[in-house]
Structure formats: C-alpha cells, structure tokens
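See below for the structure under consideration.
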Amino acid sequence: MTEPGDAALEGARLARLGDNLAAVRQRIDAAVAAAGRQGNPPRLIVVTKFHPAQDVRRLASLGITDVGENRDQEAADKAAQLTELDLRWHFIGQLQSNKAKSVVKYAHAVHSVDRPPLAAALAKAMATERERTGRAPLDCFIQVSLDDDADRHRGGALPADVPGLAEQLAGSEGLRLAGVMAVAPLGTDPAAAFEKMAAISARLTAQFPDAMGISAGMSQDLEAAIRFGATHLRIGSDILGPRPALR
Ligand SMILES: *Cc1c(COP(=O)(O)O)cnc(C)c1O
C-alpha cells in the first residue's frame, strides 16, 4: 500500500540521485576532455553499498548499467531482488576465498583479486558455475597496493607480485584477466599514486595486451584517476550521498 506522501518522497529521492549523477557526469566529462580522452571515456560504476536495492532500481531508471558492492551478503541480496534489471554487478571489496562460490553467482567482475588462493577459489567456483549456467567468464582485476609504507598496507597485492598473479589468472579457465585496480592511499597525493598505477598497468599490458583495464577513481579523486588512464570509475558517496550508519 502506498501511504500519502510516498510518491512525493520517491520523486524527491529520484530527483536527488538524478542531480548528483548529472554533477558527477559533468566532472567526468570535464576530466575526459582535459585528458583528451573523448574517444575513450571510462565506464562509470556506481557503488551502492549500504544503500537499498530500491536505490539501485532508481539508478537503473536513470541509465546506470554497472553497480559496485563490497560485501557478498548484501550484494547477493540486492542482485536477487533485481533480477529483472539488466545490470552488471562489480565486486569491489576484500573477498574471503570461501565466498567465491556465492560471488560468481551474480558478479560480472571482481576488482579485488589480490592473492593466489583467492584466484584459485574463483577459478574453481567458476568451473562449477559455468557447468551449471554457461555464464561468461568472470572479469578479474588485480588489486594493487600503492602504499609505499608496507606496514600501512591493507589489501592489494604488492606490485612485485602482480606478474605471478597475472600468469595465474590468464591461465585459469573461466577467468579473464581484465587489468589492475587500486585505491589511492589515504593522506597521499592521488595523482602520484595513480601515476604509479599507470606504470604497473603498462608493465602488465606489455605481457598481456588484453588486460587494459584500470579500475581507479572514487568520489574524491576521479579527476586524477581519469588523467592517469582509469577505464572504470567506482563512485559512491557523491552520487548516493553519505552512507547510512554501519549496521
Ligand atoms: C566504497 C568504495 C568506493 C566508493 O567510494 P566513494 O568515496 O563513496 O565514492 C570505491 N572503491 C572501493 C573499493 C570502495 O570500497
């Protein structure tokens, strides 16, 4: 049942999302133009973590096709509620190997592959899933740590470990080596971090020419990411607003 006022509230939320999206798209367009990348703009992934499935539905009505989530339970629940929408789900958070089986049921891509056992678990899960559904290969981005201070380092393979992980992913049936992913370390210049990431990407594509993906750029640093070649932006709070308090 619709309560009086629900339609107005719905309209307000949709308008807010539309305005935020337009503002972010304008920033992206300006950065793309400044980088001379009009022929090769990045793909926008809207990070919907902590926001309800209904917001994902609203975003889809505004033309969004790619959404990002960082927790398996939440992502699986939303994907199950939204099967009628033609969406690509991107898993962007730290992932335990025992969640691989669940993630491959809905994810188009995993952006946070950072260690050999996780790659192996995803390959095993995909073998089963492909037998069951014939689904397309899973796009895998190698998450790289860009932090010079190894003690601060949380998640992400060390740059020196990228070639080995790339070999493993490229040789795994059902997985597609898509490229690299990074988060700019807190409290540092994102441009410097993304410049380092571009060099890591160049070394990777020298060996694996198809692995051109660079997943980088969040609300705060999308301009720097675009300047250094990001192909996939992961934008949350500037589109959805502040994340609701942790449950
Ligand atoms: C939450 C998150 C984002 C989105 O960050 P915003 O600052 O809200 O744009 C991007 N990437 C990862 C890995 C995240 O966890």
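If you check residue 196 against the conditions, is it among the basic types (Lys, Arg) and within 16 Å of the ligand (Cβ to nearest atom)? Here the answer is no, as residue 196 does not meet what is asked. Residue 163 - would you say it is more than 11 Å from the ligand (Cβ to nearest atom) and of a type outside the set (A, V, I, L, M)? Here the answer is yes, as residue 163 does meet what is asked.
Residues that are within 28 Å of residue 130 (Cα to Cα), within 16 Å of the ligand (Cβ to nearest atom) and crowded, with 20+ Cβ neighbours inside 10 Å: does the range 204-214 have at least one?
Yes, some residue in the range 204-214 is within 28 Å of residue 130 (Cα to Cα), within 16 Å of the ligand (Cβ to nearest atom) and crowded, with 20+ Cβ neighbours inside 10 Å.
For every residue, the table says whether it meets (1) over 14 Å from the mean Cα position of the chain (by Cα); (2) buried (at least 20 other Cβ atoms within 10 Å of the Cβ).
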residue	(1), (2)
16	yes, no
46	no, yes
78	yes, yes
91	no, yes
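If you go through the range 76-95 and keep only what is without any contact (Cβ under 8 Å) to a residue 12 or more places away in the chain and touching an Asp or Glu at 6+ places or on another chain (Cβ under 8 Å), you end up with nothing. Evaluation of residue 149 against the conditions (1) more than 12 Å from the ligand (Cβ to nearest atom); (2) more than 18 Å from residue 116 (Cα to Cα); (3) touching a Gly at 6+ places or on another chain (Cβ under 8 Å) shows that the sole unmet condition is (3).
Checked against (1) modelled with pLDDT of 95 or more; (2) away from the ligand (no atom under 13 Å from the Cβ), residue 187 meets all criteria but (1).
Of the set (1) under 22 Å from residue 140 (Cα atoms); (2) polar (S, T, N, Q); (3) surrounded by 16 or more Cβ atoms within 10 Å (Cβ to Cβ), all apply to residue 40 but (3). Confirm whether residue 116 is more than 19 Å from the chain's Cα centre (by Cα), away from the ligand (no atom under 16 Å from the Cβ) and closer than 30 Å to residue 191 by Cα. In short, yes.
Residues are listed down the side, and each one gets a yes or a no for (1) farther than 30 Å from residue 135 by Cβ; (2) in contact with a Pro (Cβ under 8 Å, 6 or more places away or on another chain); (3) of a type in the set (Lys, Arg):
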site	(1), (2), (3)
8	yes, no, no
18	yes, no, no
38	yes, no, no
68	no, no, no
84	no, no, no
97	no, yes, no
104	no, no, no
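Could you please find all residues in the range 131-185 being in contact (Cβ under 8 Å) with a residue 60 or more places away in the chain, within 16 Å of residue 214 (Cβ to Cβ) and not charged (D, E, K, R)? Quick ask: steps written out before the conclusion?
Applying the first criterion (in contact (Cβ under 8 Å) with a residue 60 or more places away in the chain) to the range 131-185 yields 139, 141-142, 155, 178, 181.
Next, from what is left, pick out any that are within 16 Å of residue 214 (Cβ to Cβ): 139, 141-142, 178, 181.
Passing the criteria: 141, 142, 178, 181.
Does residue 109 count as under 30 Å from residue 199 (Cβ atoms) and under 19 Å from the mean Cα position of the chain (by Cα)? Considered against the rule, which asks whether it is under 30 Å from residue 199 (Cβ atoms) and under 19 Å from the mean Cα position of the chain (by Cα), residue 109 comes out as yes. Residue count for the range 218-241 under the criterion of being of a type outside the set (D, E, K, R) and near the ligand (Cβ under 9 Å from one of its atoms): the result is 10.
Within the range 28-66, if we keep just the residues that are within 14 Å of residue 234 (Cα to Cα), hydrophobic (A, V, I, L, M, F, W, C) and out of contact with any Leu (no Cβ under 6 Å at 6 or more places or on another chain), the residue that is nearest to the ligand (Cβ to nearest atom) turns out to be 47.
Pairs linking a residue in the range 107-119 that is of a type in the set (Lys, Arg) to a residue that is part of a strand (DSSP E or B), with Cβ atoms under 9 Å and 6 or more positions apart or on different chains, are 115/157.
The values are calculated or read from the model by the stated rules, or taken from the named source; none is laboratory data. A quick note: this is a predicted structure, and the numbers were derived from the prediction, not measured. FYI the Cβ positions are ideal-geometry reconstructions off the backbone, even for glycines, and counts take in every protein chain you see.
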